[in-house]
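Comments concern the structure below.
The values are calculated or read from the model by the stated rules, or taken from the named source; none is laboratory data. Small disclaimer: the values here were computed from a predicted structure and weren't measured. We place every Cβ from the backbone using ideal geometry, glycine too, and count neighbours over all the protein chains shown. Accessible surface is based on the protein model in full, side chains and every heavy atom, while ligands, DNA and RNA are left aside. Shrake-Rupley method; radii C 1.70, N 1.55, O 1.52, S 1.80 Å.
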Amino acid sequence: MHRYQSIGQAIEEAMPGDMIEIRDGIYEESLDISKRLTLYGVGNVTIKGGVFIRYQTHVDMRNLRFRQGQGLYIKGDLQLENCIIEEQLIRTQMMVSYGSLLMKNCAVLATSLNHFGLRVANGSSVILVDTTFEHHVKAQIIAQNCELTLTNCMLLEGKKHGIFAIRHVKLMLEDCEIHGHAKAQIIAAASEMAMTNCLVHQGQGVGIQLFDGTTLRMDGCEIKEHLDTNMVVHRSELMIADSIFSDGQGHGLYLGEKTEAKLYDCQFYRHVKAQILIENSQVEFRKCHIRNGMAVGVAVVDEADVSLTECQIQNHQQFHIIVDASGLQLRQSTIQFGQSGGIYGNDHAKIMMQHTMIRELQSHHIYINNARLFTQYCTFEQMQGNGITCIDAIFEVAHSYFKDGQESPYAMIWSDQSMGRIEHCTVDEAARPFLALSNKSLMEMRHTDIHAVKAPAVVQENSQLFVQGQVHTGTWQKDAASKVSSIEGMQVMKDNKIEIPKHDIKKII
């Protein structure tokens, strides 16, 4: 009834820039386009055949369904709008190589034959808007050496991965949802990623996996409800802000193998394993909330270097923070409400705390073994067990406040085979000893008012305590092998100059 009986015939006779209107029907033919054209469907139009867009050719297609064909192969420039690509009879439904693709309001739907929804390679550029990919066997999108941008897209229930960016991919996702994939929902290697306001959730494996020098900038995203770790990162760089990691059966965030990361205003909660595991990496947290974990809050291991500033860590069933053979800095942070302890340091860990509060824990506020601890202007509140326990350690507690120590046989500070200094601290009234020394400990206490505690110090097992400042001898306790001495500072003048102060040591008890 019309001038042409096939789309191919119309394409052959069309001039560059022409528009081809395609009426209702099923067209069992392949399209090979090498001129600038617009093809649009009127009614229900189905094309069963392959589509090939030649190099340096611009084509627009609208309102078309591509079904049970040989896929779409784009070497030129293709714009698809209001189209459906489904059930192609080859493994890759769409391929972009040395070309560009813009898809708006489209869907790419798979059968068990379709391994990939979209493959992008060889310097191509792809923009996807309001587009959905579903049910592909290997990866909904696989990309290499290209630029790929997704806006308001959905990748749903793939048999393996949502996005697989192999290397040299510049990937941007905004307002996207990635859901229900059997393995890692996003994998990126040696690539550059940016994610804004995205939801990645309910995967059967890892949520996001990055490695081999990938960089990620993430803002306002939510990664949750995975049966494995929500995000795994190796040898990469992260900048994450205002994002949520929650409800994972593994870790919330795993950072390993010399990763560098900065996280601002992020939240971690309800993970079965350690909410954050950091291994041999350098990480900075600011204004983050880490709470309600089933195990450890933050685990820092294997020569990692981690700082937390203005962070809230609370309500974990195991230690809030574990530091093993690594460095930790806490500034203006709060650790509180735990079924176990606050901070555990081990194996030459170095822990530095400033203006930080630890309160309302059911075990040790700080427990260090063969480690180093330095605190300034910190508050230790509502202690049930030992406040600070040091075994085979070096520590310094300065300008800190001990308050609301519940009645207990445990000391606020216990040193076992350790060396330490306490200076300019304040201690509230408490029905427990302030200080306990055992097993050849050596301790210096300066200008710390401890008259309100039940016993200032208990010194045993060849330990030594040197005290400068207020001394109240009545309730001090020691065994015969130990000693408590008073230090009085003396300035020595020589040639009208003050030399290094010497000390006059006097035995107290």
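Rounded, prolate or oblate for the range 370-491? Axes are the square roots of the Cα gyration tensor eigenvalues, ordered a ≥ b ≥ c, and the cut-off for rounded is a/c under 1.5. Mind showing how you got there, number by number?
Working: a/c = 1.19, a/b = 1.15, b/c = 1.03.
Taking the square roots of the gyration eigenvalues as a ≥ b ≥ c, the range 370-491 is rounded.
In this structure, the amide hydrogen of Leu150, modeled 1.01 Å from its nitrogen in the peptide plane, lies closer than 5 angstrom to those of Leu128, Met172, Leu173, Glu174, counting only residues at least 5 positions away or on a different chain. Per residue, the range 208-330 exposes an accessible area of 35 Å² to a 1.4 Å probe, with every protein chain left in place.
Tell me, in nm to one decimal, what length is gained between Met419 and Thr151 on full extension, where the rule is 0.36 nm per residue of separation less the Cα-Cα distance? Display every interim value, and only then the final one.
Numbers: separation 268, 0.36 × 268 = 96.48 nm, distance 5.84 nm.
That pair, Met419 and Thr151, stretches by 90.6 nm at full extension.
Scalar couplings 3J(HN,Hα) for the range 65-70, obtained by applying the Karplus form with A = 6.51, B = -1.76, C = 1.60 to θ = phi - 60°, are 10, 9, 9, 6, x, 9 Hz; x denotes Gly and Pro. Within the range 44-87, the ratio Rg/Rh, alpha carbon atoms throughout and Rh by Kirkwood, equals 0.96.
3J(HN,Hα) along the range 100-117, derived from phi through the Karplus expression 6.51 cos²θ - 1.76 cosθ + 1.60 where θ = phi - 60°, amounts to 9, 9, 10, 10, 10, 6, 10, 9, 10, 10, 10, 10, 5, 7, 8, 6, 10, x Hz, with x in place of Gly and Pro.
Got a number for carbon plus sulfur as a percent of the range 331-432's accessible area, 1.4 Å probe?
Numbers: 1670 of 4030 Å².
Carbon and sulfur atoms account for 41 percent of the accessible area of the range 331-432.
Remark: the Asp24-Glu12 segment gains 2.3 nm on full extension, using 0.36 nm per residue and subtracting the alpha carbon distance. Take every pair of alpha-carbon atoms less than 8 Å apart whose residues are at least six positions apart; their mean separation over the length of the chain yields a relative contact order of 4 percent.
Please compute the Cα-Cα pair-distance distribution of the chain with 20 Å bins starting at 0, giving whole percents from short to long. P(r) over the chain, rounded to whole percents: 21, 35, 22, 14, 7, 1.
Search the structure for amide H atoms under 5 Å from the amide H of Phe319, placed 1.01 Å from N in the peptide plane, and list their residues when 5 or more places away or on another chain. The answer is Gly341. For the pair Glu429 and Gln312, the difference between a 0.36 nm per residue extended length and the Cα-Cα distance amounts to 39.4 nm. Could you work out the helix-only [θ] at 222 nm for the chain, with each DSSP H run of four or more residues adding -39,500 (n - 2.57) and the total divided by the number of residues, to the nearest 500 deg cm²/dmol? The per-residue figure over the chain is -500 deg cm²/dmol. 3J(HN,Hα) along the range 314-325, derived from phi through the Karplus expression 6.51 cos²θ - 1.76 cosθ + 1.60 where θ = phi - 60°, amounts to 8, 6, 10, 7, 10, 4, 5, 9, 10, 10, 10, 6 Hz, with x in place of Gly and Pro. Overall form of the range 400-452: oblate. Here a/c, set by the Cα gyration tensor axes a ≥ b ≥ c, is 1.5 or more, and a/b is not larger than b/c.
The apolar share of the surface of the range 108-171, taken as the fraction of accessible area on carbon and sulfur atoms (1.4 Å probe, ligands and nucleic acids excluded), comes to 50 percent. This model, with +1 at the C-beta of Lys and Arg and -1 at the C-beta of Asp and Glu, gives the chain a dipole about its Cα centre of some 520 debye.
Which whole-number value in Å² is the accessible area per residue of the range 334-449, probe 1.4 Å? Intermediate results must be reported in sequence, preceding the final value.
Details: 4400 Å² over 116 residues.
Per residue, the range 334-449 has an accessible area of 38 Å².
Please work out whether the range 210-314 counts as rounded, prolate or oblate from its C-alpha gyration tensor, where a ≥ b ≥ c are the square roots of the eigenvalues and a/c under 1.5 means rounded, while otherwise a/b larger than b/c means prolate and anything else oblate? Note, shape of the range 210-314 comes out rounded. Taking label points 7 Å from Cα along the Cα-to-Cβ direction, Lys35 and Lys454 give a separation of 9.8 nm. Between amide H atoms placed 1.01 Å from N, distances below 5 Å from Thr132 occur with Cys106, Ala107, Val108, Met154, all of them 5 or more places distant or on a separate chain. Taking label positions 7 Å along the Cα-Cβ direction at both Glu284 and Tyr4, the computed distance is 6.0 nm, reported to one decimal. Projecting the Cα atoms of Ser482, His424, Met61 onto the dipole axis of the chain, where Lys and Arg carry +1 and Asp and Glu carry -1 at the beta carbon, places Ser482 farthest toward the positive end.
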